[in-house]
Every structure is written in structure tokens, then in C-alpha cells.
Amino acid sequence: METDENETNNGLPPVVKRRIFFGREIGGADRKLIPMYQLKTRNYLGPTAMDAEMAFLMANQAQAAPGKLVYDPFVGTGSILVSAAHFGAMTMGADIDIRVVRDGRGPDCNVWSNFKQYGLPMPIGLLRADNNLPPWRPGLKEVFDGIICDPPYGVRAGGRKSGGRKLLKGIVGPYTVPDDKRADHIPSTAAYTLVECVHDLLDLAARMLVMGGRLVFFYPVLREDGSVETHFPEHPCFKLVATSEQMLSSRYSRVLLTMVKTSLYTEELALAARIKHLEFRENHLKWLENGNLHSSVFSPADAESSDSKVSKESKLKYRGKYV
């Protein structure tokens, strides 16, 4: 930047003589990507599709770049992987609902069509997989450079894991699907709490991320007296390097956590992580169990007095904005 000898110095302090300032650009923004990738023009969408701007921020936090492999274990309609692919990363995703990753809404309206819409490289693969029962063979480690996801925390969509209620309770035993019914079979699923989901996610990332790889995911928090709970999930293999809060309502927000893998995965560290998980669950996650988070977000719009009649408008309403 060059200043002149006039009184106006382009916002810089007044100088007597002409000066030239040199600098190096270390960051920038490409705002034209937002209208290009906005959701209202997206070919295939679901109820929990990640906003385009937020997906780009998450991909930046994971340092998605050419030559890196990024994985989303809750891929849904692929919004996060689309952003990672835009930055040149190879992508791979999984979802427990085979109808999402295999069928979509037809041959021209599915996850693959979203990548085709923007001329991006197709994912290496989309798997029907359960985060609670990872499909990776024993001994397979350190495959991904980044894991980016938005775990289901029960506000707009609850988490699911393999096994129906009767199977998990032991009422019925494991079964084998006949060959003639496998093509159209939809496996039974059961509720998957956020407590269990986050523990499985951290264990997966500890096993499958390379050293220095990044785990980026959203974590819901309740806001009490305008403050946010500062205790977040931990794992011996990871160092928390960034937290960014997104307010969704006066009582509820979510925090984008960015973790870097700093230690190799061992069985000893896995045991230590399990102990940390149990302590964290006991002390800080009571409100996440049994739908308490859902109850905090959804509540009657207006409390009626005990003497007045119950209004038809008193059913549970969403108190925040959809993002």
C-alpha cells in the first residue's frame, strides 16, 4: 500500500512523506462460494443437511486439501463432503440408513448427484455402516487425514445404531437375512444416545486418523445464565485446539470442536479413554440422556396460568432457529 502526502492516508496514521507498506497475505475469504453452494439450489437435501457456509468452515478447520482423505461417518446427503471435495480432498462417507447412501430419491437425485452438480470428484466410497459397529477390519489403522461430521444429538434427528429393541434386550437372538431378501432388507435399529455416539466417534478417530490428523465435529451445549459449559469430551490421543460456539437459541447452542491427533492409538490409551468417558458422562452429560436435550430445546411457547384453560397452542415448539 502506498500513501501520499495529502491529509487522507487511506485510514493509516498521518505521515509527512510518502510511504510504501509491504505485507504478506496469510488468509482470505471467498464469499462467492456461498451463493454457488447454497442449499436452496442443492439437488439432494435432507432435514439435517449442513449449511454451505458452515460446511466450508468445518472443512477449513480440518485443513482439507489436495492429497488428503476426509471421512464423514454421518454423511447423510453429503453436504460436508461436498465442501471438502471443493478444497481438493478425496472424500469417503458412511451412514446407517442404506436408503440415503444407496437410493436417495432416484438415480438423478442422490448423494452422487450433489457432487456431479458442482463438477466435483466423486467420493471414493459411500458405505452403509454403523458408527457403533465400525466396518473396518482388525489391524487397519491411520487411514484418514481428517474426520468431519455433525453427530445426531436428538433435536431434529435422533441417532440410531444397529439392533432392534428386542435384539438388544435379548428377547430374540441374532438372525441371518435370507439371500433372496438381502437386496431390499432394512436392518433393525435402536436409539443411539449422544453420550455413546461421541465416545465411539473419538475411538474411531483415534484408530483411523493419521498422526497430526484432525477431528472436527459439533457438540451441543445448554446455555445457563448466558454462559456455556466449558467441559468438552476428551481423549488421550487428542489435543483440543479450537472451540467455536454457534448460538441457536437463548438456552441452546452447539460448539464446533477441532482436535488434533498427538499420540498413537494403543490398548492402554483406549482403556484410559474409556475411564475418561465414564467420568465425563457421570459429571457433565446427565442432561444429554433420555431426551433431556430435546426437552430443553422444545418447550411450550407460553406458560398458561393454572386457572386458565389449556390453549391449543401449548404444544411443544422449537425455541431456536433452524441452521
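The values are calculated or read from the model by the stated rules, or taken from the named source; none is laboratory data. Worth saying up front: this structure is predicted, and the values here are computed from it rather than measured. Here the Cβ positions follow ideal geometry from the backbone for every residue, glycine too, while neighbour counts run over all protein chains shown. Ligands, DNA and RNA are excluded from the accessible area calculation, which covers all protein heavy atoms including side chains. Shrake-Rupley method; radii C 1.70, N 1.55, O 1.52, S 1.80 Å.
Let's test the formula: R0 of 30 Å, r as the Cβ-Cβ distance of VAL210 and ARG19. What FRET efficiency results, to the nearest 0.05? Kindly include the intermediate steps, with their values, before the conclusion.
On the way: r = 46 Å, r/R0 = 1.55.
It comes out at approximately 0.05.
Pull out the extension gain between GLU268 and SER250, defined as 0.36 nm times the separation in residues minus the alpha carbon to alpha carbon distance; nm, one decimal. Provide the component values of the computation, followed by the final result.
Values: separation 18, 0.36 × 18 = 6.48 nm, distance 4.11 nm.
Full extension of this stretch gives 2.4 nm more.
Calculate the tail of P(r) for region 37-297: the fraction of all Cα-Cα distances greater than 36 Å, expressed in %. Present the calculation step by step, with values, prior to reporting the outcome.
Values: 3975 of 33930 pairs.
In whole percent, the share of Cα-Cα pairs in region 37-297 beyond 36 Å is 12.
Over what distance in Å are the Cα centres of region 104-136 and region 195-217 separated?
21
Pulled fully out, how much extra length does the chain show between VAL143 and GLN117, if you take 0.36 nm times their separation in residues and subtract their Cα-Cα distance? Let's see the in-between values first.
Working: separation 26, 0.36 × 26 = 9.36 nm, distance 2.79 nm.
Full-extension gain reported as 6.6 nm.
Can you work out the accessible area per residue across region 37-297, with the rest of the protein chains kept in place, probe 1.4 Å, in square angstrom? Walk me through the intermediate numbers first.
On the way: 12650 Å² over 261 residues.
Ligands and nucleic acids excluded, the result is 48 Å² per residue.
Determine one quarter of the surface area of the Cα convex hull of region 12-96, which equals its mean projected area, and express it in nm² to one decimal. Don't skip to the answer; put the middle values down first.
Numbers: hull surface 33.3 nm².
So the Cα hull casts an average projection of 8.3 nm².
Rounded to the nearest percent, how much of the accessible area of region 107-161 (1.4 Å probe, protein heavy atoms only) is carbon and sulfur?
Numbers: 1490 of 2760 Å².
C and S atoms contribute 54 percent here.
Given the protein chains as shown and a 1.4 Å probe, how many square angstrom of ILE124 are accessible, to the nearest 10?
The value for ILE124 is about 110 Å².
Computed FRET efficiency, Cβ-Cβ of MET1 and ARG31, R0 30 Å: what is it to the nearest 0.05? Don't jump to the answer; show the numbers that get you there.
Values: r = 22 Å, r/R0 = 0.73.
Working from the Cβ atoms, E equals 0.85.
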